[in-house]
1. Is it fair to say Thr18 is more than 22 Å from Glu101 (Cα to Cα), in contact (Cβ under 8 Å) with a residue 40 or more places away in the chain, in contact with a helix residue (DSSP H, G or I) (Cβ under 7 Å, 6 or more places away or on another chain) and not charged (D, E, K, R)?
2. All but one of (1) surrounded by 15 or more Cβ atoms within 10 Å (Cβ to Cβ); (2) within 13 Å of Ala4 (Cβ to Cβ) hold for Thr86, so report the exception by its number.
3. When you scan segment 97-115, how many residues do you find that are assigned to a strand (DSSP E or B), surrounded by 12 or more Cβ atoms within 10 Å (Cβ to Cβ) and more than 11 Å from the chain's Cα centre (by Cα)?
4. If you check every pair at least six apart or on different chains, which have Cβ atoms under 6 Å apart with a residue in segment 55-80 that is assigned to a strand (DSSP E or B) first and a residue that is surrounded by 12 or more Cβ atoms within 10 Å (Cβ to Cβ) and basic (Lys, Arg) second?
Amino acid sequence: MTAAPAYLEKPLLGTYATSIIDTVARDSSELGKMRFRRRTTGVDYRYSFNLLLTKADVALLKTFYETTLLGGTGEFTWTCPDDAATKTVYFETLPTFTDSEFVGFRIASIELIDQ
């Protein structure tokens, strides 16, 4: 399993968030009350955060996403800031890059899914 680049484990202060992904299937028939069932047996989590990256780190992240993860389809191991446990994750969305107030740096917005 491919390991995440080290800078993916250092979110900007105040940007890290964890949420539980809804795994409940809801079914409403014409008659009767709403039915609920689980889609999966496990609980999936979404991790969202921003990174402050140099232009060289942006190029490395793009290469990691495009080449190593085959356009974002591959999984990789990542150390979760919540409990320092190693998780197997994948990118939920493409990383997005915006300008930073610091010259020579960009902000990357990341969303990962833990399976």
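The values are calculated or read from the model by the stated rules, or taken from the named source; none is laboratory data. Note that the coordinates shown come from a computational prediction; the quantities given were computed from them, not determined experimentally. A quick note on method: Cβ atoms are made from the backbone with ideal geometry, for glycine too, and the neighbour counts reach across all protein chains shown.
1. Spelling it out, it is not the case that Thr18 is more than 22 Å from Glu101 (Cα to Cα), in contact (Cβ under 8 Å) with a residue 40 or more places away in the chain, in contact with a helix residue (DSSP H, G or I) (Cβ under 7 Å, 6 or more places away or on another chain) and not charged (D, E, K, R).
2. (1)
3. The qualifying residues number 5.
4. Trp78/Lys87
Each row is one residue, and each column tells you yes or no for (1) farther than 18 Å from Gln115 by Cβ; (2) crowded, with 16+ Cβ neighbours inside 10 Å; (3) modelled with pLDDT of 90 or more.
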residue	(1), (2), (3)
Ala3	no, no, yes
Val24	no, no, no
Arg38	no, no, no
Asn50	yes, yes, yes
Leu60	yes, no, yes
Thr93	no, no, yes
